[in-house]
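Asks: The following block contains the structure, expressed as structure tokens.
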Amino acid sequence: MSQITTAPTSRLGILSRSIIAIVSVLLTALTLRAAEIGVVTVEDLNLRPEPGTRQPPIMQLKQGTEVEIEEHLDGWLKVRHAGRVGYIHNSSDYVQILGADDRQKGRPADSVSTQQIQDYRRESKDLKRKIEETEARFKAFTEREATVLGSLDELDYAIDRARRRVKANRDELAGLEDQIQASRELYQQLVDSVDVNEAYAAKRLAALYKLNRNGTIPVLASSGSIYEMIKRKKYLERILANDEQVRQNLLEEKLRLKEILDQLDAQQAQKKRLKADIDAQIEKLSRNRTDRSQVLARIRSEKSLQLAAIESMKAAAKTLDQTVEKLVAQPEPQNAAGQLDSFSNFKGLLKMPISGKIICFFGPQKDTKFNVSVFRSGIDIQAQKGAVIRAVFAGRVLFADWFKGYGNMVIIDHGDGYYTVYAHLEELFKQKGYYVNTGEDIATVGDTASMDGPILHFEVRHHGKPLDPMEWIVNG
């Protein structure tokens with residue numbers, strides 16, 4: 001009886017101990033798995049199907065992603081994430097292992113409490129949240145800088161458009177003044193002519209009245225012969241026809257006089273509208289210039305905006321490079337006005353496009369204030385606003401319009417792949433396609449899109465590549 005009961009009890013004990021051992025192992029594995037959590041610390045960490053880089057990644061893990069660590073291998077970690085198992089580099093540069101200290105110190109993994117694991121997870125979430133907040137602040141910051149610089153460019157363009165409209169309106173007003181003066185003179189001439197014709201018509205009416213009262217028969221009957229009577233009849237017909245013509249001319253002059261008066265009224269009304277538009281544009285121009293001054297002051301006072309402005313200038317320079325490359329692909333121009341010399345023969349002999357002080361030179365420039373390097377593809381010449389700029393050499397105008405970051409700009413093709421660039425201009429005298437001679441007036445100095453006041457930005461390029469202008473200018 002006892003043997004019967006003892007054997008099953010022994011087997012049950014062995015089975016129980018085995019189950020307990022298995023459960024213990026499972027619990028330990030689960031505890032280890034729970035205790036070892038990895039947090040990805042880089043952007044787009046590759047999760048691979050096996051250790052090594054021979055196979056393409058299964059997926060990419062974003063920064064802040066939590067993974068369960070199942071096994072430590074030689075330089076790799078076997079991990080589980082979103083139901084998928086794979087391998088990642090075991091490096092502190094890529095992943096932060098939570099609970100690893102406990103294993104390294106020899107303490108059992110189950111010494112890491114659930115609360116500690118929750119704390120790790122909470123810290124991980126806080127880290128992700130801080131990263132997202134920092135990225136959001138950075139995005140908002142860069143958007144603010146872009147908005148400020150964008151508003152400066154818009155103001156520059158609006159100021160230039162308003163200035164052009166004021167000039168166009170003033171030119172139109174001057175032409176209208178000439179038209180009004182011509183209309184007044186014509187009006188006075190018509191008045192004088194009407195007065196003369198009315199006086200003549202009055203005399204003729206008196207004569208006709210007498211003729212009608214006495215009749216034409218006595219005039220004809222008093223003739224000495226038939227021939228004289230016929231002759232008198234012809235004279236009377238001519239006099240009456242002339243009187244009719246005078247009357248018609250008088251009527252036409254009076255109608256013309258009314259037309260001139262209506263025209264003068266219309267011209268005066270147009271003059272009034274032009275003056276009102278000029279006043280409005282001048283007021284708008286004044287507001288825009290005030291706003292521009294405030295934006296410039298803000299840029300100069302904030303380091304981040306100044307750095308953004310430098311980056312904006314770099315971007316504008318890159319865009320100019322691309323534009324010049326496109327223009328280079330156009331056909332070579334014929335020499336203007338019989339110009340037979342090659343641009344390359346005049347290295348060191350070109351005259352300055354304008355008299356002034358060179359405030360920025362060609363080449364890499366170091367901004368010691370912000371420790372930023374900028375490459376300048378030309379020179380900046382400080383000069384009086386409105387001063388006339390002249391072409392340094394004959395050629396064809398390839399570009400004459402507004403260019404973001406450079407304001408009003410002119411590019412001249414001198415042949416053989418040589419070009420000169422003139423920027424921050426106020427008034428443009430030439431249009432695209434025009435041929436210019438050496439020393440010919442092409443524009444005036446302005447401050448369009450300039451942060452340094454009235455200047456001329458001048459470049460020399462060969463096949464699109466910027467050259468040092470000082471090597472081409474006399475005594476440069």
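Asks: If the Cβ limit is 7 Å and pairs must be 6+ apart or interchain, which residue in region 45-57 that is under 10 Å from residue 88 (Cα atoms) pairs with which residue that is charged (D, E, K, R) and modelled with pLDDT of 90 or more?
Replies: So the pair list comes out as 57/48.
Asks: Quick one: which residue in 271, 303 is more than 21 Å from the chain's Cα centre (by Cα) and modelled with pLDDT of 80 or more?
Replies: Details: 303 fails: modelled with pLDDT of 80 or more.
Exactly one of 271, 303 is more than 21 Å from the chain's Cα centre (by Cα) and modelled with pLDDT of 80 or more, namely 271.
Asks: Separate question: Considering only region 321-352, state which residues are within 15 Å of residue 462 (Cβ to Cβ), modelled with pLDDT of 70 or more and part of a helix (DSSP H, G or I).
Replies: Passing the criteria: 321, 324, 325, 327, 343, 344, 345, 346.
Asks: Residue check, residue 358 against (1) modelled with pLDDT of 65 or more; (2) loosely packed, with under 13 Cβ neighbours inside 10 Å, all met but one. Which one?
Replies: Of (1) modelled with pLDDT of 65 or more; (2) loosely packed, with under 13 Cβ neighbours inside 10 Å, only one is false for residue 358: (2).
Asks: Something else about it: Would you check if residue 311 is under 25 Å from the mean Cα position of the chain (by Cα), open to solvent by 60 Å² or more (accessible area, probe 1.4 Å), among the acidic types (Asp, Glu) and at pLDDT below 70?
Replies: Yes: the conditions hold for residue 311.
Asks: Restricting to region 40-86, and then to whatever is open to solvent by less than 40 Å² (accessible area, probe 1.4 Å), assigned to a strand (DSSP E or B) and not β-branched (Val, Ile, Thr), can you tell me which residue is farthest from residue 122 (Cα to Cα)?
Replies: 48
The values are calculated or read from the model by the stated rules, or taken from the named source; none is laboratory data. All of these numbers come straight from a predicted model, not from anything done at the bench. FYI the Cβ positions are ideal-geometry reconstructions off the backbone, even for glycines, and counts take in every protein chain you see. Areas reflect the complete protein model, heavy atoms only, side chains present, ligands, DNA and RNA absent. Shrake-Rupley method; radii C 1.70, N 1.55, O 1.52, S 1.80 Å.
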